[in-house]
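First the structure, in the form of structure tokens, and then the observations on it.
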Amino acid sequence: MNAMTHPAVPGRSAAPLDVARVRRDFPILARLVNGQPLAYLDNAASSQHPQAVIDAISRYYETSHANVHRGVHALSQEATDLFEGARRRVQHFINARSPREIVFVRGTTEAINLVAQSWGRSRLQPGDEIIVSHLEHHANIVPWQLLCEQTGARLRVIPMTRAGELDFDAYLGLLSGKTRLLATAASEQAVFETLSASARAILAAADRGRSAPVEIVLTTASGESAGTFEMTPAQAKLLVERAVSVQDYFVRNVIF
């Protein structure tokens, strides 16, 4: 897949990515650093802001800043309406069923810890297993390590091949009736070669008698959050048959 085009989606033609237009949305990228246009790659640590976000933040602090959910005066009510309005916009953007499903957090580690300490602490038992890969950012490893210590569950790790890809055959060896969670990087193109790691993993689980939907925790290779959703074996089969990655499925069918 060319890095400059979107993945192919059944029924939709791939459109080239207009990099220059995207760069114009970010004022800081107009800077020259060492005599060259700024190329900023440290987004996992601190992402740059487009002009629309900068304007919205400035407008809020200039006109509406106040306590959210904790005041009855005009500014507090206005700030609360803006805050909850943003939650509803995110809900529609990712096609969530309710704004109550949208939880704002400070970063990926906090988000995954929230899943681990809510879903994980209430469901995992001694002997249950969580599968991660050798390619994960620490944000997608440490929360599960701590959860395993707390619950008696076991963390299993998918190894890499000498070609730098995840070993799918080794994954099949790790998969068992004790597997409760698979957490792998969504945007790592080496993950399970050109097909979705999660889709193939779910199909492998289905072949072994697991027919229930599987909870998918998505992070990017750099550790940024990409969301959590359920996928059924039937959906996974469709993805594999059409050779569509889970990330592309998530972005185009869940978000859009």
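Rule-based calculations on the coordinates, nothing more; no lab input. All values reported here derive from a predicted model rather than from experimental measurement. Note: ideal-geometry Cβ built from the backbone for every residue, glycine included; neighbour counts use all protein chains shown.
Taking the mean number of other Cβ atoms within 10 Å as a proxy for protection, how do you rank 126-134, 50-58 from highest to lowest?
Values: 126-134: 17.7, 50-58: 12.2.
Result, highest mean first: 126-134, 50-58.
Ranked from highest to lowest mean number of other Cβ atoms within 10 Å per residue, what is the order of the peptides 93-106, 149-162? Provide the component values of the computation, followed by the final result.
Working: 93-106: 11.9, 149-162: 15.1.
Per-residue mean Cβ counts within 10 Å order the peptides as 149-162, 93-106.
Under the rule of at least 5 residues apart or a separate chain, name every residue whose amide H is placed under 5 Å from the amide H of THR179.
Here the answer is GLU129, since their amide H atoms fall under 5 Å of that of THR179.
Quick one: net charge of GLY127's neighbours, Cβ under 15 Å, K/R +1, D/E -1?
Combined, the nearby Lys, Arg, Asp and Glu give +2.
Around GLU62, what is the net charge, scoring Lys/Arg as +1 and Asp/Glu as -1 over all other residues with Cβ under 15 Å from its Cβ?
On the way: positive: ARG59; negative: ASP55, GLU78.
Taking every other residue near GLU62 into account, the sum is -1.
At R0 = 30 Å, how high is the FRET efficiency between MET160 and VAL19 if r is their beta carbon distance? Nearest 0.05 is fine.
The computed FRET efficiency comes out at 0.45.
Near the amide H of SER133, under 5 Å away, which other amide H atoms are found, from residues 5 or more places off or on another chain, if H is placed in the peptide plane?
ILE158
With the crude spin-label approximation of a point 7 Å out along Cα→Cβ, what separation in nm comes out for GLU62 versus VAL105?
Using points 7 Å along Cα→Cβ, the separation is 3.4 nm.
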